[in-house]
1. If we keep just the residues of segment 82-121 that are modelled with pLDDT under 90 and among the hydrophobic types (A, V, I, L, M, F, W, C), which is nearest to Phe174 (Cα to Cα)?
2. Give Phe134, Phe176, Phe159 a once-over and let me know the one that is assigned to a helix (DSSP H, G or I) and more than 12 Å from the ligand (Cβ to nearest atom).
3. Is there a residue in segment 63-70 that is in a helix (DSSP H, G or I), within 11 Å of the ligand (Cβ to nearest atom) and of a type in the set (Gly, Ala, Ser)?
4. Scan segment 258-270 for residues that are of a type outside the set (Ser, Thr, Tyr), part of a helix (DSSP H, G or I) and either within 13 Å of the ligand (Cβ to nearest atom) or over 18 Å from Asp303 (Cβ atoms) (or both) and report the count.
5. For segment 190-219, give me each residue that is surrounded by fewer than 17 Cβ atoms within 10 Å (Cβ to Cβ) and not in a helix (DSSP H, G or I).
6. Can you tell which of Ser243, Ser256, Ser261, Ser327 is of a type outside the set (A, V, I, L, M), buried (at least 20 other Cβ atoms within 10 Å of the Cβ), modelled with pLDDT under 85 and out of contact with any Pro (no Cβ under 6 Å at 6 or more places or on another chain)?
7. In the list Ile22, Ile114, Ile71, which residue meets the criterion of being of a type in the set (A, V, I, L, M, F, W, C), within 30 Å of Ile143 (Cα to Cα) and without any contact (Cβ under 8 Å) to a residue 60 or more places away in the chain?
Amino acid sequence: IPNPGAAAVVPSETAKKVKIGIYFAMWWALNVVFNIYNKKVLNAYPFPWLTSTLSLACGSLIMFVSWAVRIAEPPKTDLEFWKALFPVAVAHTIGHVAATVSMSKVAVSFTHIIKSGEPAFSVLVSRFLLGETFPVPVYLSLIPIIGGCSLAALTELNFNMIGFMGAMISNLAFVFRNIFSKKGMKGKSVSGMNYYACLSILSLIILTPFAIAVEGPQMWAAGWEKAASQIGPQLLWWMAAQSVFYHLYNQVSYMSLDEISPLTFSVGNTMKRISVIVSSIIIFQTPVQPINALGAAIAIFADKKNTEIASPLPFDVLLFMDWFYISR
Ligand code: 3PG
């Protein structure tokens with residue numbers, strides 16, 4: 001018997017699946033482009049505090065213009081919203097600067113291998129600071145994550161302690177960002193895109209005085225003369241590209257959070273690191289030893305497993321449930 005409703009349901013479910021697929025593809029692609037331009041800038045002009053500030057400034061500007069010309073509806077926020085956002089913005093700022101400082105000292109691939117340990121930090125912070133407990137396999141999966149990251153760090157040809165610590169601090173800061181973010185977002189009706197916009201604006205306000213204190217206009221000007229004479233005007237384009245792509249990849253990732261569960265988001269984020277690691281190794285011709293690649297592969301595989309078993313359902317089932325949930 002023909003079901004007149006079925007025809008209407010199937011395309012809308014398919015459309016939503018396609019939409020999530022597009023979000024993921026855009027998120028990963030934008031992230032790869034950001035990482036490449038960011039590293040090109042940092043190689044030529046090593047001022048990570050300035051480049052971090054510019055990324056946030058560019059994102060804030062894009063959003064102010066979008067709100068002014070009504071491409072995006074401005075969010076309705078109150079003082080409570082900004083108060084709840086403050087700790088999230090502090091953590092976002094620390095995590096962002098720390099990752100950029102890391103990438104100014106070591107290969108992009110190495111920063112992201114260490115950053116693939118973020119779920120391990122998440123489990124440890126949730127266990128020891130929040131008293132949350134997890135099934136035993138979640139704790140067991142920490143062994144290959146930490147072991148894989150350690151193996152990759154110990155065999156990294158261009159190891160640098162600031163680069164390593166920067167990625168570790170970024171991991172810790174982003175775990176707190178996610179914890180505060182979840183608390184802050186309860187019951188709020190700001191969309192993912194506007195939530196990220198407000199986060200950028202507040203982070204920019206927090207970061208600017210620190211960037212001036214740590215590096216400052218004199219260092220920036222002196223460094224600029226040298227870098228511009230070596231690279232030429234395209235350095236400006238690289239800076240613009242890293243700033244715009246930083247905002248876009250984050251905006252798309254926060255928009256996807258409106259559609260998928262945080263768990264699927266985490267798995268997506270880990271898978272994203274594979275594309276960044278592989279593409280940056282190819283583009284920057286980073287020397288990699290087989291044992292180093294093995295460490296990274298163990299960490300990332302265990303990372304994905306950890307995220308899956310944090311919930312008792314396999315990844316595909318989770319994805320299906322997300323689609324089912326959003327297609328209702
Ligand atoms: C940053 O500069 O904020 C980091 O590169 C962020 O890394 P992630 O979004 O891949 O965790």
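The values are calculated or read from the model by the stated rules, or taken from the named source; none is laboratory data. Just so you know, these numbers come straight off a predicted model, no measurement behind them. Quick reminder, even Gly has a Cβ in these numbers, built from the backbone with ideal geometry, and neighbours come from all protein chains shown.
1. Applying the first criterion (modelled with pLDDT under 90) to segment 82-121 yields 84, 116-121.
Those still in the list that are among the hydrophobic types (A, V, I, L, M, F, W, C) too: 84, 120-121.
Details: Ala84: 16, Ala120: 12, Phe121: 9 Å.
It comes out as Phe121.
2. Working: Phe134 fails: assigned to a helix (DSSP H, G or I); Phe159 fails: assigned to a helix (DSSP H, G or I).
Step by step, each of Phe134, Phe176, Phe159 is checked, and only Phe176 is assigned to a helix (DSSP H, G or I) and more than 12 Å from the ligand (Cβ to nearest atom).
3. No - not one qualifying residue is present in segment 63-70.
4. Narrowing segment 258-270 to residues of a type outside the set (Ser, Thr, Tyr): 258-260, 262-263, 265, 267-269.
Still in the running and part of a helix (DSSP H, G or I): 262-263, 265, 267-269.
Next, only the ones that are either within 13 Å of the ligand (Cβ to nearest atom) or over 18 Å from Asp303 (Cβ atoms) (or both) stay: 265, 268-269.
Summing the residues that are of a type outside the set (Ser, Thr, Tyr), part of a helix (DSSP H, G or I) and either within 13 Å of the ligand (Cβ to nearest atom) or over 18 Å from Asp303 (Cβ atoms) (or both) in segment 258-270 gives 3.
5. Ser191
6. Numbers: Ser243 fails: modelled with pLDDT under 85; Ser261 fails: buried (at least 20 other Cβ atoms within 10 Å of the Cβ); Ser327 fails: buried (at least 20 other Cβ atoms within 10 Å of the Cβ).
Checking each option against the conditions leaves just Ser256.
7. Working: Ile22 fails: within 30 Å of Ile143 (Cα to Cα); Ile71 fails: within 30 Å of Ile143 (Cα to Cα).
Just a single option satisfies the conditions, and that option is Ile114.
So that you can scan it fast, the table gives a plain yes or no per residue for (1) in a helix (DSSP H, G or I); (2) more than 20 Å from Ala99 (Cα to Cα); (3) not aliphatic (A, V, I, L, M):
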{"position": "Glu225", "(1), (2), (3)": "yes, yes, yes"}
{"position": "Ala228", "(1), (2), (3)": "yes, yes, no"}
{"position": "Ser243", "(1), (2), (3)": "yes, no, yes"}
{"position": "Ser256", "(1), (2), (3)": "yes, yes, yes"}
{"position": "Lys272", "(1), (2), (3)": "yes, no, yes"}
